[in-house]
Amino acid sequence: VPNEGKTFISANMAISFASLGKKVVVVGADIRNPELTSFFGESKTKGLSTYLSSSDMKIDSLIRTTQYDNLDFISAGPVPPNSTELLSLPRWDDLIDELKKRYDYVLIDSAPVAVVSDTLVLGRVADLTVLVFRANSSNKNWFKTINELSETGKLKNMAVVVNFVEENVGSLAYGEQRYGYGYGYGYGAGYGHGNKK
């Protein structure tokens, strides 16, 4: 659903891959509620929706450079009245096929899968689907939906990212001992003994 951090994860994954020297493009495919432009400062006047609705627009006029080396960006464009229909067009498949030839990674920032069907429609071109949940916010019942999507094959190679996890939440208890995993600045990346609760 909205506000779980999908765009934040998409933008930061793109920046991370690009910083490793990989050639990356991130596509703003949430054409109902474009948010990716806030990360890369691109206007919403021309983008994916414009490209999909125009048979003569060229891919090169769609791609924008960013302030990051090795990272390009395709904005969502103006909000159309028929986003699902646009993403159903073969032109979407052709775009992704061409981008896969040009880039090491093609990341797609899409709409929330639980709200609209756009993600299910555009997922046909994805090699991997990353679903983002927000800790202490997302509904746990959505995990049932994830299992159903996986079992029916509607989304391929599904993975889950739990976003906004508090530092002390990720520890496990066994008997009298608590084990936690820490990762980040100033923290150890390994197992440690914590306080008993």
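Taking a ≥ b ≥ c as the square roots of the eigenvalues of the Cα gyration tensor of segment 74-166, is the shape rounded (a/c under 1.5), prolate (a/b larger than b/c) or oblate? Prolate is the answer for segment 74-166, as a/c is 1.5 or above and a/b outweighs b/c. With 20 Å as the limit on Cα-Cα distance, the pairs of 23/100; 58/101; 22/154 that go past it are 22/154. By its C-alpha gyration tensor, with a ≥ b ≥ c as the square roots of the eigenvalues, how is segment 1-158 shaped: rounded for a/c under 1.5, else prolate for a/b larger than b/c, else oblate? Prolate is the answer for segment 1-158, as a/c is 1.5 or above and a/b outweighs b/c. The string of couplings for segment 132-137 from the Karplus curve (6.51, -1.76, 1.60, θ = phi - 60°) is 10, 10, 9, 4, 6, 9 Hz, one whole number per residue in order, with x for Gly and Pro.
For segment 6-93, the square roots of the Cα gyration tensor eigenvalues, ordered a ≥ b ≥ c, give a/c of at least 1.5 with a/b greater than b/c, which places it in the prolate category.
Under 5 Å from the amide H of residue 132 lie the amide H atoms of 161, each residue being 5 or more positions distant or on a separate chain, with H modelled from the backbone and absent for Pro and chain starts.
Rule-based calculations on the coordinates, nothing more; no lab input. Just so you know, these numbers come straight off a predicted model, no measurement behind them.
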